[in-house]
Structure formats: C-alpha cells, structure tokens
Amino acid sequence: MVNRLTLVGQFSLPPLERFPREIGLPFGGISGLAMRGGDLLGITDAQRDGRIYRFKIDGLAGSLSVTPTEVISLDASTAETVPDHEAMVVLPNGNYLIASEGTGREPRRPPSIDEYGSTGSFRRRLPVRDRYVPEPTGPVTRGARGNAGFESLTISPDFERLFTAAETALIQDGPTATFEAGTQTRVLEYRSRGGGFQPAREFAYNLERVEKPAYKPAFFINGLVELLAISRSTLLALERGYVEDAEQAAASRNTIRLYRISLAGASDVSGLESLKGHPAIVPVAKTLLLDLSSVPGLSPELAPSLDNFEGMTFGPRLPDGRATLILVSDDNFRATQRTWFLVFAIE
C-alpha cells in the first residue's frame, strides 16, 4: 500500500534540444513513463514522428541525473492516426501499449490504444466503445473532448487488467471542471482475453474543481492525466490543473495532486451512455496522497508555479530497499518549460 511519499531526488532536462544532439529530432513532450527491466522509458506526445525514449538513471537518491540513451521510432503508417501519444505500458512479451488522447481538429480523431512491437512496429488497435468517439465533423454531441481523451494507461501487476481514463467529462456526461465545481469523468477497465484486451467495466471518477488564482484567468483546466495500478482494484491517480494568466503568461500556475483510488464498491457504469440523471452512481473512492505545491525541498526553479506533470511509474528501489515513484513533466516543446523528473520514496 502507498501511504506516504518523500521527495528524494529531482532533475531537469533543458528544453529545445535534440537527441541525438544536433542530428536528432527535437527532444521533449514526455507525457508517460514505464519501466522495462532496469530502464526508464518515456513516450513523447510529439505531433509527428512518434517515439519512445530510453533513459539512464544515476544517483536515484540525492544527486539524481536522467539521460536519454536511445530512441525507438513508432510506425504510424498502418495505425491511421496522427501521433498524440500520452501514456504507455510494457507487456510481458516486450510489446508496448500506447494511449492517444485524440484531437479536436476536423476530421476529429477519437482516443485510442495501440499495440506496438518492441522495435516500434504497429501491431493492432484495441476496441474503443462508441461513446468515446466524437463525430468526425460538424457539431459534437458525444465522445471525448478534443485533446482530452485517453491521457492515462496502466496495467495491473498480474497483467490481466488494463486501465485508462478520459481526461475530463465526455460531452454527453457533463461540462468540464470550473472554478465553482468539479465534474465526473470515467475510468475504463480492459480485461485480458484471447491474446488481447477487451473493454469491461467503467467507473465514474469525481474530478476536483479548478483552483481559482489571484490573477485574471484565461484558459483553465483540471484533468485526470495518469493512472498507476497497485492492484486490480487500487490505483494512483494524477490530477493536473492549469490556469493561464491572461496578462502575464509566465505567471501561470499548475496544480498537481496525487490520489490513491479504490474501485471496490464503485458502480459499474459501462451500460450507461450518459452519466446524467443517475444520482445513485457510486464513484471511485479517493484519498489525497500528495499535493506537489506543499512538498518540502522542491527546487526553487520548479516551485511555486510547478510544471506540466503528466506521467508516472514505479521506479527502481533505493539502496535502503524502499520502493520509488517517478513523476515526469511534459515541457510542451516550449523554451519556458523543462522536462522535470521527481523521485519519491514510498513509505
């Protein structure tokens, strides 16, 4: 059980660099993490040339450093999609499952989960229920909102259950979170069947309201951006809020909160096309574990505005035997942001 987290290491990579240096593609956009053996892997949400980075971790506690060592290109020629990869898991056979959030530009593309071979070759697309698929063009009456579909992906320790979630409420389920009220999104469960994964149960998840800032807000959002399975029914959930300062963009702030959630006792809403009009629905239970703004010892370069943390994975054990949790931020390929890695000891 994960009850308490202690920051033991932090490191950042500068923006707008290339890997390999000078001749490689722009580095950045790390939106999801996974471990493969002793290697840390990160998926980028670059809108072209989908790819996975392999990282070397040194000095896990204390003088942490994270260095990209390899890039694995993902073949999108048969996936029929523009890369917008947000999260990943590694299967026992070495293949990757990668979630994409979908786009709002016409023709709209729905969220998806694709399987790739260990060298990046496209294998298959998992089925997605129609309720997550918006109309390709014209008015939108259903489905995941553009750029707010499947931001998360995780698999249970026995590799039998796969979980993802819509970042925010489906259009037919309700509005997005505001400064006055939160909203409900859905956690999806897939079960291992016939060598693949098939949609199974769904659960309502209560997203928190957006934290109102002292400045004049412009764009704002709060969303469920990552899940990490502890067991078949207990997961970690990462909520990322962002409020843009309408007058001074550099003063914009993020809110990063980590919850432990339990599916036990929650209503299965897989039979409901809309969550509206069903007050008896029991959502997943949430327990706040971490508010990043209150973590002691955080680098002054990161606090107090924080950054766009979107990915997490369990990392290697510390020399004293404690397990670790690693968070990563997506720099959005912007000069004003960085790729931050934070390592927490699990107490």
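Could you grab me the full set of residues in the range 2-26 that are within 21 Å of residue 330 (Cβ to Cβ) and of a type in the set (A, V, I, L, M, F, W, C)?
Residues satisfying the conditions are 5, 7, 11, 13, 16, 19, 25.
Looking only at the range 332-347, how many residues end up being closer than 20 Å to residue 2 by Cβ and surrounded by 24 or more Cβ atoms within 10 Å (Cβ to Cβ)? Walk me through how you get there before you give the answer.
Residues of the range 332-347 closer than 20 Å to residue 2 by Cβ: 341-347.
From the residues that got through so far, the ones that are surrounded by 24 or more Cβ atoms within 10 Å (Cβ to Cβ) too are 341-344.
The number of residues fulfilling the criteria is 4.
Residue under question is residue 186, and the condition is that it be buried (at least 20 other Cβ atoms within 10 Å of the Cβ) and either modelled with pLDDT under 95 or basic (Lys, Arg) (or both); does it hold?
So residue 186 passes the test.
Within the range 275-293, track down each residue that is part of a loop (DSSP other than H, G, I, E, B), surrounded by fewer than 19 Cβ atoms within 10 Å (Cβ to Cβ) and of a type in the set (Val, Ile, Thr).
Residues satisfying the conditions are 281, 282.
Which condition number does residue 278 fail, the rest of (1) under 28 Å from residue 188 (Cα atoms); (2) in contact with a strand residue (DSSP E or B) (Cβ under 6 Å, 6 or more places away or on another chain) being met?
Failing condition for residue 278: (2).
Any chance you could count how many residues in the range 110-142 are polar (S, T, N, Q), in a loop (DSSP other than H, G, I, E, B) and out of contact with any Pro (no Cβ under 7 Å at 6 or more places or on another chain)?
4
Looking at the range 239-274 only, could you name the residues that are closer than 30 Å to residue 2 by Cα and part of a loop (DSSP other than H, G, I, E, B)?
Residues satisfying the conditions are 263, 264, 265, 266, 267, 268, 269, 270.
Working only within the range 294-346, note down all residues that are closer than 18 Å to residue 252 by Cα, touching a residue at least 24 places away in the same chain (Cβ under 8 Å) and outside any loop (DSSP other than H, G, I, E, B).
309, 310, 329, 339, 340
Is it true that residue 12 is touching a Gly at 6+ places or on another chain (Cβ under 8 Å), farther than 30 Å from residue 124 by Cα and of a type in the set (S, T, N, Q)?
No; evaluated as a whole, the condition is false for this residue.
Taking the range 143-156 as the search range and keeping residues that are in a loop (DSSP other than H, G, I, E, B) and in contact with a helix residue (DSSP H, G or I) (Cβ under 9 Å, 6 or more places away or on another chain), which one is surrounded by the fewest Cβ atoms within 10 Å (Cβ to Cβ)?
143
Among (1) crowded, with 20+ Cβ neighbours inside 10 Å; (2) among the aromatic types (Phe, Trp, Tyr); (3) part of a loop (DSSP other than H, G, I, E, B), there is one condition residue 159 misses while meeting the rest; what is its number?
Every listed condition holds for residue 159 apart from (1).
For every residue, the table says whether it meets (1) modelled with pLDDT under 95; (2) of a type in the set (D, E, K, R); (3) within 24 Å of residue 343 (Cα to Cα).
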{"position": "53", "(1), (2), (3)": "no, no, yes"}
{"position": "65", "(1), (2), (3)": "no, no, yes"}
{"position": "75", "(1), (2), (3)": "yes, yes, no"}
{"position": "94", "(1), (2), (3)": "no, no, no"}
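Would you tally the residues in the range 294-331 being under 19 Å from the mean Cα position of the chain (by Cα) and either at negative phi or surrounded by fewer than 16 Cβ atoms within 10 Å (Cβ to Cβ) (or both)?
Residues that pass the stated criteria total 17.
Quick one: is residue 246 touching an Asp or Glu at 6+ places or on another chain (Cβ under 7 Å) and of a type in the set (A, V, I, L, M)?
Values: touching an Asp or Glu at 6+ places or on another chain (Cβ under 7 Å): no; of a type in the set (A, V, I, L, M): yes.
No; evaluated as a whole, the condition is false for this residue.
Return the only residue of 235, 228, 275 being out of contact with any Leu (no Cβ under 6 Å at 6 or more places or on another chain) and either among the polar types (S, T, N, Q) or closer than 24 Å to residue 99 by Cα (or both).
275
The values are calculated or read from the model by the stated rules, or taken from the named source; none is laboratory data. Computed from a predicted structure; not experimentally measured. Every residue, glycine as well, gets a Cβ built from its backbone with ideal geometry; the counts of neighbours run over all protein chains shown.
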